[in-house]
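K.L.:
Got a structure for you, written out below as structure tokens; questions coming shortly.
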Amino acid sequence: MKMRKTKSMKKTNESGFTLIELLVVISIIGLLSTMAVISLNSARSKARDAKRVSDIKGLSTMLEMERANQGDTVGVGTCVLADALTYTCTGGELTAQVANFKDPVTPATACTNTTTTTCGYSISTAAGAAAAAYGDYQICAYLENGSGGFGAGLISVKTGGVMAAGCN
């Protein structure tokens with residue numbers, strides 16, 4: 001008896017991927033790239049927070065050096081208002097250095113004790129009043145996620161380089 005070959009019995013040597021396989025691979029690539037972008041955004045905000053902590057510590061170090069040279073009661077340049085933006089301070093040895101310290105996101109809006117979003121570094125007395133001096137100051141910044149052992153929110157560095165959560 002002779003067997004007849006039908007179409008279903010033919011062997012084919014076609015190679016390739018089905019449409020379903022291609023769609024699955026594309027969706028997996030899309031999911032992985034989305035996760036990478038989300039991780040990158042988180043890393044960016046953490047880097048900005050680390051810069052903020054470093055900046056206000058640097059500003060504090062500069063003020064402490066001036067305090068050693070000028071004394072406790074000398075005012076911090078032209079920063080005579082409460083919550084003055086630090087990069088606008090002029091006078092004395094601070095002018096050239098202070099201009100380089102700005103918040104990476106919103107440098108033009110000064111931090112206050114009620115701030116709930118990113119803001120420019122501000123300076124006032126340790127009590128939050130006007131007329132900061134080398135021996136009585138507080139520099140405030142806002143952290144997006146937290147850094148340096150501090151959570152998200154306002155942080156400050158006060159006279160003597162003491163870091164604390166919140167601002168007065």
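Residues are listed down the side, and each one gets a yes or a no for (1) of a type outside the set (Asp, Glu); (2) farther than 30 Å from ALA132 by Cβ; (3) without any contact (Cβ under 8 Å) to a residue 60 or more places away in the chain:
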| site | (1), (2), (3) |
| --- | --- |
| GLU14 | no, yes, yes |
| SER45 | yes, no, no |
| ASP49 | no, no, no |
| GLU66 | no, no, no |
| ASN69 | yes, no, yes |
| GLY75 | yes, no, yes |
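K.L.:
Can you list the strands (runs of 3 or more DSSP E) lying wholly within the stretch 74-161 that have 2 or more residues being in contact with a strand residue (DSSP E or B) (Cβ under 6 Å, 6 or more places away or on another chain), polar (S, T, N, Q) and farther than 16 Å from ARG48 by Cα? Show your work before the answer.
P.N.:
Numbers: elements: 122-124, 138-147, 150-158.
Filter on the stretch 74-161 gives 122-124.
K.L.:
Taking the stretch 29-87 on its own, how many of its residues are of a type in the set (Lys, Arg), touching a Gly at 6+ places or on another chain (Cβ under 8 Å) and under 16 Å from LEU154 (Cβ atoms)?
P.N.:
The number of residues fulfilling the criteria is 1.
K.L.:
Something else now. Please specify each residue of the stretch 128-145 satisfying the condition of being crowded, with 19+ Cβ neighbours inside 10 Å and under 25 Å from VAL105 (Cα atoms).
P.N.:
Scanning the stretch 128-145 gives ALA132, TYR137, GLN138, ILE139, CYS140, ALA141, TYR142, LEU143.
K.L.:
Taking the condition at pLDDT 90 or above, over 25 Å from LYS46 (Cβ atoms) and aromatic (Phe, Trp, Tyr), does TYR137 pass? Steps first, answer last, please.
P.N.:
On the way: at pLDDT 90 or above: yes; over 25 Å from LYS46 (Cβ atoms): yes; aromatic (Phe, Trp, Tyr): yes.
So TYR137 passes the test.
K.L.:
Which residue pairs have Cβ atoms closer than 7 Å, lie 6 or more positions apart in sequence or on different chains, and pair a first residue in the stretch 87-104 that is over 14 Å from VAL76 (Cβ atoms) with a second residue that is at pLDDT 70 or above and β-branched (Val, Ile, Thr)?
P.N.:
If the second residue must be at pLDDT 70 or above and β-branched (Val, Ile, Thr), the pairs left are ASP103/THR118.
K.L.:
A follow-up question, please. Given the criteria at pLDDT below 90, surrounded by 16 or more Cβ atoms within 10 Å (Cβ to Cβ) and under 21 Å from VAL80 (Cβ atoms), does ALA110 qualify?
P.N.:
Working: at pLDDT below 90: no; surrounded by 16 or more Cβ atoms within 10 Å (Cβ to Cβ): yes; under 21 Å from VAL80 (Cβ atoms): yes.
Here the answer is no, as ALA110 does not meet what is asked.
The values are calculated or read from the model by the stated rules, or taken from the named source; none is laboratory data. What you see is a predicted model, and the numbers here were worked out from it, not measured in a lab. Counting neighbours? That spans all protein chains shown, and the Cβs are built from the backbone with ideal geometry, glycine included.
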